[in-house]
Each structure stands twice: as C-alpha cells, then as structure tokens.
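Data block below; observations after.
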Amino acid sequence: MHPRQLLQARGLAARKRFGQNFLLDNTAADRIAQAAVAGESELRVLEIGPGTGVLTAALLRAGARLTAVEIDRGLAAILREREDLAAATIVESDILTYDLHNFAAAGRWAACGNLPYYITTPVLFALLECEPQPVRIVVMVQREVAERLSAGPGSAAYGALSLLVAYRARATRLLTLRPAAFYPRPQVDSTVVVLERHEHPPVQPRDPGAMLGLIRAAFAYRRKTLVNALELGASPVPRERTAAALEAIGKPIGVRGETLSLDDFSRLADQLY
Ligand code: SAM
C-alpha cells in the first residue's frame, strides 16, 4: 500500500519535523537490506526510523533478526499491527536516547536505516562511537552528507565525521535515489552508503578516545589554526604544547585541522596525550 493511503487510513500525515520521507521503491529497499545483512542469516540488525515499514519488510526478507526504533507513536502502532512484520521487535523511542550500548553488547550486529535528515550527523557519530562496533552500517543520507563521509583532507566536505568514518570503516556508495523515489518528495537526492568495519584500524593511536577528542576539538573551530582551536576547546591545550607537538610530527605551527590526515591526527594525539 502507498504510504499516503496507509497514513490516511489512520488519520495521519507525513510529519516534516520527524524528517519523514517514505521510500516507495521496493527494489531499492531489497538492495539496501541485502547490503546490510550481507547473507549472514540471523544477523542482529538495528533499523533506525522504520516509518511505514518498506525497509523493515525488506530486512526481514533478507533474514535479519530485527529491532526497529521509531519515534512516531502513530507509525509504531501501524508497524506493530502488521502481520508481515510480526518477527520484528518494534521499539517506540528516540534513537538518540535509545540504549545503543545495551543492544550492541548482545552480540554481532549491523545498523540500517533511511535516516531522518535532521539528526543524520548525531546518529552517525553515535553508531561509529558505539562499542562493540556494528559490523556494518548501511544508511540512506542526503547526497551531500554521503560526500562528507568519504571526503579527504583539504576539501570543503572534510570534517570530524570524515575522519571518524576513515578510522572505523571502509565507505562505499551503494546507490543514489532521486526525490521521486519518496513520499513526500525531499528537496535533494539521497545516497545509500555502506560503512564496513575495518578488521584492523588504519592507525593505532595509544589512546583512541584522546585522538577522537582531538579531532572533534580541531573541527569545532575549523576556520582557526589548530593551535588556536585547541586552546579554545573544552579541555584547553596550551599553545606551546600544541606547537611543540606539531613540530615533532613535521607540520607548520599555523596549520589548520582541515588539512591534517587521520595519520597526522594519530601521531599528534600520541605527542599530546
Ligand atoms: N524507513 C522509512 C522509509 O524508508 O520509508 C522511513 C524513513 S524517514 C526518512 C525517517 C524515519 O525516522 C521516520 O519514520 C521518522 O518518524 C523516524 N524518526 C525521526 N526521528 C527519529 C528519532 N529521533 N528516533 C527514531 N526515529 C526517528
């Protein structure tokens, strides 16, 4: 059934404040679900924002052991009543307050979803920082966000998210969909990205948490030099210390974080912490 009819039958309508753009393309849903499950039947999958259930049904078809977290009460009720989705556990919750660590602690898992655009970045940070890590994350995001995920140093799209992705996973693009593939139509194209967890991280800083904190601090003030940005951070680093660390890794003192690679941040963190 078309999402509009499904909603209208309940006196509901798509809610912009929850970033609701429902996927209409079942073939795309199957491709996304198969990329998430990757043939590993019974893999535990967390779906973020199941909406009217197009991807939820596809994930079940692909063999996932599925938990789906939906913030919208009306939609959660519709999903719970659907017999074809009876095998899924539907949780009515905000994904940003959901106990991700508890879910992750129960064993191998993957994350999947057509993400609501207004919380794409915090959701990706939460998934990428979660321990134990998901084996893969397969998500639909706005095309410009997909570019940020695989951007390199010096480009406008490069930022803390690009570095966190590079540290945790190998990013590839699965497919791009035009606005007509959704109801209601979003303003921009959407891209599905697959983030496959690294078996071995590409860098091995002594204190990974300190490196991730350093990256966040560097990009909190991306127009400033690294020396200034770290001095202004939540845990301020004295200018002389940052300058000495930069010198030790062979970088000029006036450098900005946006020109440093993951390897640079790893070596810098080892100097600073
Ligand atoms: N997966 C569905 C599909 O592809 O048709 C819906 C995708 S829609 C872009 C995003 C979904 O996320 C909506 O169902 C929306 O209600 C839900 N959502 C929005 N904010 C959320 C949050 N904070 N926690 C959980 N779900 C949320």
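Measuring only protein heavy atoms, the 1.4 Å probe finds residue 98 accessible over about 50 Å². Normalised by residue count, the stretch 120-273 yields a Cα convex hull volume of 116 Å³ per residue. For the pair residue 253 and residue 189, the difference between a 0.36 nm per residue extended length and the Cα-Cα distance amounts to 19.0 nm. The heavy atoms of residue 215 present about 10 square angstrom of accessible area, all protein chains included, probe 1.4 Å. Over the chain, all Cα pairs binned in 5 Å intervals from 0 give whole-percent P(r) values of 1, 6, 13, 16, 17, 14, 11, 9, 6, 5, 3, 1, 0, 0, listed from short to long.
Would you report the distance distribution of C-alpha pairs in the stretch 28-103 as whole percents per 5 angstrom bin, up to the bin with the largest distance? Going out from 0 Å in 5 Å bins, the stretch 28-103 shows 3, 18, 29, 23, 19, 6, 0 percent. Over the residues of the chain, the helix contribution to mean residue ellipticity at 222 nm works out to -11000 deg cm²/dmol, using -39500 (n - 2.57) for each DSSP H run of at least 4. Roughly how tilted is helix 120-129, in degrees to the nearest 10 and between 0 and 90, from the longest Cα axis of the chain? Roughly 70 degrees between the two axes.
Pairwise Cα separations in the stretch 113-182 fall into 10 Å bins from 0 onward with the following percentages, short to long: 18, 55, 24, 2.
Length available on full extension from residue 99 to residue 8: 0.36 nm per residue minus the Cα-Cα distance, which gives 29.5 nm.
May I ask for the angle, rounded to the nearest 10°, between helix 26-37 and the longest principal axis of the chain, with both axes built from Cα atoms and the value confined to 0 to 90°? Orientation of helix 26-37: about 50 degrees from the principal axis.
Taking amide H positions as modeled 1.01 Å from N, with prolines and chain starts lacking one, the residues under 5 Å from residue 20 and 5 or more places away or on another chain are 15.
For the chain, the longest principal axis of the Cα atoms and the long axis of helix 262-272 meet at an angle of about 50 degrees.
For the peptides 207-214, 190-197, residues were scored by their other Cβ atoms within 10 Å and the scores averaged per peptide; the highest-first order is 190-197, 207-214. Compare the Cα positions of 87, 29, 212 along the charge dipole of the chain (+1 at Cβ of Lys, Arg; -1 at Cβ of Asp, Glu; about the Cα centre) and return the one farthest towards the positive end. Looking along the dipole axis, the top candidate is 29.
Loop-located GluC sites (Glu not before Pro) across the stretch 1-63 with a Cβ neighbour count of 16 or fewer within 10 Å are 40, 42, with loop assigned by DSSP.
The values are calculated or read from the model by the stated rules, or taken from the named source; none is laboratory data. What you see is a predicted model, and the numbers here were worked out from it, not measured in a lab. Please note: Cβ atoms are built from the backbone with ideal geometry, for glycine as well, and neighbour counts cover all protein chains shown. For the accessible areas, the whole protein counts, side chains as well, though only heavy atoms, and no ligand, DNA or RNA atoms are used. Shrake-Rupley method; radii C 1.70, N 1.55, O 1.52, S 1.80 Å.
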